Amino acid sequence: MNRYPEPQPKELVHGLADLYGLPPDMVLATRGSDDGIDLLVRLFCRAGRDRIVICPPTFGMYAQTAAIQGAGVVCAALEGNHGFRLNPDAIRLAVGAGAKLVFLCSPNNPTGNTIDSSQVLELCRQLRGRAVVVLDEAYVEFSAGKSLESALPTLDNLVLLRTLSKAHGLAGLRCGAVLAAPELISMLRTIMPPYPLATPVVHRVLAALQVPDVERRRQQVRRIIHARERLARWLSVQTWTRKVWPSAANFLLVRVDDAEGMLAWTAHGGVLLRDVSAQPGLENCVRVSIGSALELRRFRAAM
Ligand SMILES: *Cc1c(COP(=O)(O)O)cnc(C)c1O
């Protein structure tokens, strides 16, 4: 521990490259996807001048990171009446007006739906030379769809964000990856702090990337998907449920009679749900994460 770590520990980058099926020069090891979002916004957006596009309702860190950098945020809202599908026209319009980065999230947090791969690829082709499309795949392991990893080598304005925090259950380690064209990865490296990944973290991640461990977590993901579908069925027949959206992630978006009352009541029973009701189109909605069997029993009992 008396030595500094490598800025991008070689074994770690190779391990992540193997995990995601890409050459190592297309992988940047980060302190989780939040770190990747921050690096991308700082690389592409000048304070007071440049803008990003987000598609709400979505993950809060894109707009928050832009606000810290002094970048503008343009909203191209998902279509709430159509299962939260993407609105590519609104995105193209925002980029036409000068936005530099487009943040897409699939499966999306907190709505749980996926974006068609063909739509993402078409957007990348149309925006080439003008904007970079960042696809946040934090929950892709829980979905039936595939990562867009294989499209990366042919699209130099597509960036993927992956993390060990969700399906790998290692949120406390703070490790993830930006996957992109080698030129973009080298540019991101130039604005990174010199030693972002602590040596014990690197050792622990390398251990977690061993095949038996990865296989054990794949089984865990299958159990979570099974529990998600069971909980969705249970929720859908409760009198206080108005709507349960289909989910390709490890959580469910639920509209209830009275979200505020439900949050207070479950908190009283020691269960914390995520209040997402302030997001556009999500009135009276809560996000329920798929926890352990015991946690889910406690949630059902509390309700
Ligand atoms: C949790 C989450 C992240 C951040 O994950 P870390 O790798 O732990 O920073 C990024 N994007 C989405 C959509 C998330 O839900």
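The values are calculated or read from the model by the stated rules, or taken from the named source; none is laboratory data. Keep in mind it's a predicted model, so treat the numbers as computed, not measured. Virtual Cβ from ideal backbone geometry, glycine too; neighbours counted across all protein chains shown. When the accessible area is computed, the model is the full protein with side chains, heavy atoms only, and any ligands, DNA or RNA have been set aside. Shrake-Rupley method; radii C 1.70, N 1.55, O 1.52, S 1.80 Å.
Within the stretch 42-65, is even one residue within 15 Å of the ligand (Cβ to nearest atom), closer than 18 Å to Asn157 by Cβ, in a helix (DSSP H, G or I) and among the aliphatic types (A, V, I, L, M)? Break it down stepwise before answering.
Initially, the stretch 42-65 is screened for residues within 15 Å of the ligand (Cβ to nearest atom), giving 52, 54-65.
Imposing the further condition that a residue be closer than 18 Å to Asn157 by Cβ reduces the set to 52, 54-55, 62.
So of that shortlist, the ones also in a helix (DSSP H, G or I) come out as 62.
This time we only want the ones that are among the aliphatic types (A, V, I, L, M), so: none.
No: the stretch 42-65 contains no residue that is within 15 Å of the ligand (Cβ to nearest atom), closer than 18 Å to Asn157 by Cβ, in a helix (DSSP H, G or I) and among the aliphatic types (A, V, I, L, M).
For residues in the stretch 143-167 being charged (D, E, K, R) and open to solvent by 60 Å² or more (accessible area, probe 1.4 Å), which is nearest to the ligand (Cβ to nearest atom)?
Start the filter on the stretch 143-167 by keeping residues that are charged (D, E, K, R), which leaves 146, 149, 156, 162, 166.
Still in the list and also open to solvent by 60 Å² or more (accessible area, probe 1.4 Å): 146, 156, 166.
Details: Lys146: 17, Asp156: 23, Lys166: 6 Å.
Applying the filter and picking the extreme gives Lys166.
Considering each of Ala248, Ala208, Ala232 in turn, give the residue that is surrounded by 15 or more Cβ atoms within 10 Å (Cβ to Cβ) and touching a His at 6+ places or on another chain (Cβ under 7 Å). Working first, answer last.
On the way: Ala248 fails: touching a His at 6+ places or on another chain (Cβ under 7 Å); Ala232 fails: touching a His at 6+ places or on another chain (Cβ under 7 Å).
It is Ala208.
Restricting to the stretch 168-180, name every residue that is open to solvent by 10 Å² or more (accessible area, probe 1.4 Å) and either touching a residue at least 60 places away in the same chain (Cβ under 8 Å) or not in a helix (DSSP H, G or I) (or both).
Quick first cut of the stretch 168-180, residues open to solvent by 10 Å² or more (accessible area, probe 1.4 Å) only: 168-174.
Listed by number, the residues that qualify are His168, Gly169, Leu170, Ala171, Arg174.
If you check Leu78, Leu93, Leu121, Leu127, which single one turns out to be surrounded by 20 or more Cβ atoms within 10 Å (Cβ to Cβ) and more than 14 Å from the ligand (Cβ to nearest atom)?
Working: Leu78 fails: more than 14 Å from the ligand (Cβ to nearest atom); Leu93 fails: surrounded by 20 or more Cβ atoms within 10 Å (Cβ to Cβ); Leu121 fails: surrounded by 20 or more Cβ atoms within 10 Å (Cβ to Cβ).
The match here is Leu127.
Please identify the pairs in which a residue from the stretch 18-46 that is on the phi > 0 side of the Ramachandran plot has its Cβ atom under 6 Å from the Cβ atom of a residue that is polar (S, T, N, Q), counting only partners at least 6 apart or on another chain.
Close Cβ pairs satisfying both conditions: Gly32/Thr163; Gly32/Ser165.
Is it true that Leu135 is more than 10 Å from the ligand (Cβ to nearest atom), closer than 17 Å to Tyr20 by Cβ and surrounded by 23 or more Cβ atoms within 10 Å (Cβ to Cβ)? Before you say what the answer is, go through the steps one by one.
On the way: more than 10 Å from the ligand (Cβ to nearest atom): yes; closer than 17 Å to Tyr20 by Cβ: yes; surrounded by 23 or more Cβ atoms within 10 Å (Cβ to Cβ): yes.
Yes; evaluated as a whole, the condition is true for this residue.
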